[in-house]
Amino acid sequence: MSHQPAVATKMSGEMDKPLISLHLVDSDSSLAKVPDEAPKVGILGSGDFARSLATRLVGSGFKVVVGSRNPKRTAGLFPSAAQVTFQEEAVSSPEVIFVAVFREHYASLCSLSEQLVGKILVDVSNPTEQEHLQHRESNAEYLASLFPTCTVVKAFNVISAWTLQAGPRDGNRQVPICSDQPEAKRAVSEMALAMGFMPVDMGSLASAREVEAMPLRLLPAWKVPTLLALGLFVCFYAYNFVRDVLQPYMQESQNKFFKLPVSVVNTTLPCVAYVLLSLVYLPGVLAAALQLQRGTKYQRFPDWLDHWLQHRKQIGLLSFFCAALHALYSFCLPLRRAHRYDLVNLAVKQVLANKSHLWVEEEVWRMEIYLSLGVLALGTLSLLAVTSLPSIANSLNWREFSFVQSSLGFVALVLSTLHTLTYGWTRAFEESRYKFYLPPTFTLTLLVPCVVILAKALFLLPCISRRLTRIRRGWERDSAIKFKLPTDHALAEKTSHV
Ligand code: NAP
């Protein structure tokens, strides 16, 4: 059974053209009549989703009939090409009917059971988080239990009414589809294609719960990296507060609380960016060390290391975000009143001390090199961030991608280290910098990156590098260690990510 009209078949291959073809749009910019031979699709419900769906279906060459409890009230909200009528009439002729009502109202549709015998019902519903936890059975399975003579297909729930109306974009084109009946699934998949979406087969209706959970997720891959970045920010901010604000207040009676919004934030951000960047490369070093120690690559990494390896992209992007904010804050530093007063006060001091020319050659050089290294590090980080975008990453082959992410990323780490070292210069050795006996913040941030850089340098030694390469090509130190499938099935499905 194919529901794909001629217009629709053409559309799927011409994604660059507008989905709503001009000849279908009447002078009121609502949608005009579609050809009589176009396949008919039913929609139950006249809400936001139903309206957007009807508009997209009409624009894709389908005939649409909408079933409402009150067609008179709602007809004006639909394109003129869509027929809006009572529910009983709307479901009588189409083979495919979209159920665009909420789960709690499914039971009110039971009066239509007779007319719905043998039809395909498309469940587009999304449960709330609470409903998802409350019901073990998915909305689609519940609908199937109410209408045992129908075939239920779960689809389109991940697409918002707005996306339906505005047209699919690269990022949100995928429509997961599942059903127990392959024919019904194929029919709905063809409709999705005709509307410009990309159907993704999710198997039987038992997967509906998983499909319904998809829109409930809130950036799952970002949770741990964001918490990590926030945790680092709070720790470094507190540390800098104690050193730059509390210490002068308590020991020198100076009020430096004005530094809290800009200055302390700007001292904290590079620390977070730098440590995060080193945390992108640390798991790779640990994984290599583990492989060297085990003498094989055929043993799973511990779960924590596996998860860490999987989150490197998000940690790297957060590092770039903090570094970019640091650059912006640094540009703003001279705009602050405090900075202008400091400059004037310094000039007055100069005059009073009868000094006409203030020029410390070493400081001038330090600042020039420090700034240049910072700009280079940020530039390299920007490259890494851009190449992690799916559209750019997909245009690179594996070697190009790993060169940018691994080699250039390491260059960014080295540049950031040099940037930090030129910032510190001799400050780590000056007693006055140890406020409350606390070492300057930059000395703390150097710890992890230096370990990573040293370890990477160590792995470059020919004896170690050769051994690591052999292990990664399948060589095993101990012939007694043989590749074994884990007995635990869940473990067998997991893969290590280096
Ligand atoms: P809505 O604006 O509240 O529309 C729901 C429609 O259900 C009403 O307009 C009503 O139409 C109909 N309905 C049928 N029987 C009903 C009854 N007994 N009581 C109350 N209403 C009844 O909701 P919506 O945003 O269009 O969402 C509809 C479905 O699409 C939901 O399951 C939702 O999870 C899903 N969805 C929505 C979006 C979105 O962006 N809005 C995205 C994905 C999925 P009549 O009064 O004309 O009968």
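The values are calculated or read from the model by the stated rules, or taken from the named source; none is laboratory data. Owing to the predicted nature of the structure, the values given are computational and were not obtained by experimental measurement. Quick reminder, even Gly has a Cβ in these numbers, built from the backbone with ideal geometry, and neighbours come from all protein chains shown.
Results, tabulated for the structure shown:
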| item | result |
| --- | --- |
| Selection within segment 37-52 - surrounded by fewer than 21 Cβ atoms within 10 Å (Cβ to Cβ), modelled with pLDDT of 95 or more and part of a loop (DSSP other than H, G, I, E, B) | Gly47 |
| Checking Pro168 against (1) away from the ligand (no atom under 15 Å from the Cβ); (2) within 23 Å of the chain's Cα centre (by Cα), the condition it does not meet | (1) |
| Pair list, Cβ < 6 Å and 6+ apart or interchain, from segment 98-119 residues that are within 20 Å of Gln134 (Cβ to Cβ) to residues that are part of a helix (DSSP H, G or I) and away from the ligand (no atom under 11 Å from the Cβ) | Tyr106/Leu146 |
| Some residue of segment 310-323 being touching a residue at least 60 places away in the same chain (Cβ under 8 Å), surrounded by fewer than 16 Cβ atoms within 10 Å (Cβ to Cβ) and over 21 Å from Ser388 (Cα atoms) | no |
| Single residue of Pro168, Pro199, Pro182 found to be touching a residue at least 24 places away in the same chain (Cβ under 8 Å), out of contact with any strand residue (DSSP E or B) (no Cβ under 7 Å at 6 or more places or on another chain) and either of a type in the set (Val, Ile, Thr) or not assigned by the TED database to the domain that holds Ser391 (or both) | Pro168 |
| Residues of segment 53-76 satisfying the condition of being of a type in the set (A, V, I, L, M), crowded, with 22+ Cβ neighbours inside 10 Å and in a helix (DSSP H, G or I) | Leu53, Ala54, Leu57, Val58 |
| Enumeration of residues in segment 115-161 that are under 34 Å from the mean Cα position of the chain (by Cα), charged (D, E, K, R), at pLDDT 95 or above and more than 14 Å from the ligand (Cβ to nearest atom) | Glu137, Glu141 |
| Residues satisfying the stated conditions in segment 91-102, i.e. farther than 14 Å from Val152 by Cα and within 10 Å of the ligand (Cβ to nearest atom) | Val101, Phe102 |
| Residue check for Ala428: closer than 30 Å to Val245 by Cα, among the aliphatic types (A, V, I, L, M) and at pLDDT below 95 | yes |
| For Val211: the one exception among (1) touching a Cys at 6+ places or on another chain (Cβ under 9 Å); (2) more than 19 Å from Phe98 (Cα to Cα); (3) within 16 Å of the ligand (Cβ to nearest atom) | (2) |
| Where a residue in segment 240-259 is assigned by the TED database to the domain that holds Ala338 and more than 17 Å from Ala338 (Cα to Cα) and its partner, wherever it lies, is in a helix (DSSP H, G or I) and modelled with pLDDT of 95 or more, with Cβ under 6 Å and at least six apart | Asn240/Val264; Asn240/Thr267; Asn240/Thr268; Asn240/Thr441; Phe241/Val264 |
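A quick yes/no check of all residues on (1) at negative phi; (2) more than 20 Å from the chain's Cα centre (by Cα); (3) modelled with pLDDT under 95; (4) not small (Gly, Ala, Ser):
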| position | (1), (2), (3), (4) |
| --- | --- |
| Gly316 | yes, no, no, no |
| Arg337 | yes, yes, no, yes |
| Gln350 | yes, yes, yes, yes |
| Trp365 | yes, yes, no, yes |
| Ser395 | yes, no, yes, no |
| Glu400 | yes, yes, yes, yes |
